[in-house]
1. Taking the alpha-carbon set of the chain, what are its Rg and Dmax in Å?
2. Using only the alpha-carbon atoms, how far is helix 48-63 inclined from the longest principal axis of the chain? Give it as 0 to 90 degrees, nearest 10.
3. Please compute the Kirkwood hydrodynamic radius of the stretch 48-154 from all pairs of different C-alpha atoms, in Å with one decimal.
4. State the dimensionless ratio Rg/Rh of the stretch 157-238 (Rg: radius of gyration of Cα atoms; Rh: Kirkwood radius).
5. At 0.36 nm per residue, minus the direct Cα-Cα distance, what do Leu177 and His19 gain on full extension? Give it in nm, one decimal, please.
6. Amide H of Ala298: which non-local residues (sequence gap of 5 or more, or other chain) have their own amide H closer than 5 Å, using H built in the peptide plane?
7. Full-extension gain between Asp199 and Ala6, please, as 0.36 nm times their residue separation minus the C-alpha to C-alpha distance.
8. Taking a threshold of 21 Å on the Cα-Cα distance, which of the pairs Lys211/Lys249; Lys50/Lys161; Lys133/Lys276; Lys50/Lys276 fall above it?
Amino acid sequence: MPTLSALFRHPPSPVEALHATLLEQQGVRLFVKRDELLRMGPGLALCGNKWRKLQYNLQAARDAGQNTLLTFGGAYSNHIAAVAAAGQAFGFDTIGIIRGERPEGLNPTLRFAENCGMRLQYVSRSRFRDKEKMEFQEKLHRQYGGFYLLPEGGTNNLAIKGCMDIVAEVEQQLERLPTHWCCSVGTGGTFAGIVAALDGRAEALGFSALKGDFLEGEVQQLLASSPLWRDNRGAWAINTDFHFGGYAKWKPELVNFINNFYREHHIPLDPVYTGKLFYGLFQLIGQGYFPRGSAILAVHTGGLQGIAGFNERFGGVEVPGF
Ligand SMILES: Cc1ncc(COP(=O)(O)O)c(C=O)c1O
């Protein structure tokens, strides 16, 4: 069994320059930080931003002598799959509190989590909303005993710290700082880490995977949550034009984009997060959003475990191996 130090002493994930006529036409360069290639444990779950968000948390759990991880998520959650995989890889017991009824047949994410040994408990959507409340968590402690609690999506200050490492790594790899940094936004933790580490030295643009314009407020709160980092308002923004109707919603043009992107660049994208990021990014590049001479860095945050569940329901993502 690998020790947790493997999560800290890893070779950096590659930074790859993409080549496309559109980029040449618009006079910009586009690099991809291929964090989806950071992988550990069973399957494809512990990769990308999950690696970054979990690494310091797993260490904190171990330092506290806590051998059980408990967390929350929806039935297709990348985070649930990642915590389950981390548990199996590093010898933690894991408990997943899942929003909604137990499905008749388990989907690939939940099947994977169970196979990794995660105990799953299903709670109604209304009870799930109370998960942050003290009484809800006390009940969980009465039921399961001690555990290290990871919030839904894994976002907390240690997760932000892990995502900050992405910036330092890229800076070393490229020997300079790209002018624009882009990533997909769900709970905002990954993006907050990037903004915090940039500290105003470059612009950051998040692409919301969710409908609504509440995420800027969430990111502001995350950035205000620790004296270790500053908000740097003005140097970052969240684009809400490319969520395709909301979380896990999609249209055929998104799936076509993912398939074409794989054919052209041999980089698999998922339909919930990274597909929307790159779709939106290419749209903005086409509209001349980025000044000529910009060096854009897009973080591939993983999420590939979700393709199987998407294809089981809707089909259409043609990426080999999924
Ligand atoms: C693959 C992938 N990319 C991006 C995100 C968004 O990250 P965050 O929740 O930190 O905003 C998530 C969800 O957490 C994810 O699973």
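Here, each number is a calculation from the coordinates, and none is a lab measurement. From a predicted model like this one, the values you see are computed outputs, not experimental measurements. Please note: Cβ atoms are built from the backbone with ideal geometry, for glycine as well, and neighbour counts cover all protein chains shown.
1. Using the Cα atoms of the chain, the pair Rg, Dmax is 18.9, 61 Å.
2. It is inclined by approximately 40 degrees.
3. Details: mean 1/r = 0.0726 Å⁻¹.
By the Kirkwood definition, the hydrodynamic radius is 13.8 Å.
4. On the way: Rg = 11.7 Å, Rh = 12.5 Å.
For the stretch 157-238, the value is 0.94.
5. Numbers: separation 158, 0.36 × 158 = 56.88 nm, distance 1.93 nm.
Full-extension gain reported as 55.0 nm.
6. Here the answer is Phe31, Val32, Lys33, Cys182, since their amide H atoms fall under 5 Å of that of Ala298.
7. On the way: separation 193, 0.36 × 193 = 69.48 nm, distance 2.80 nm.
Net length gain for the segment: 66.7 nm.
8. Where the Cα-Cα span goes over 21 Å, the pairs concerned are Lys133/Lys276.
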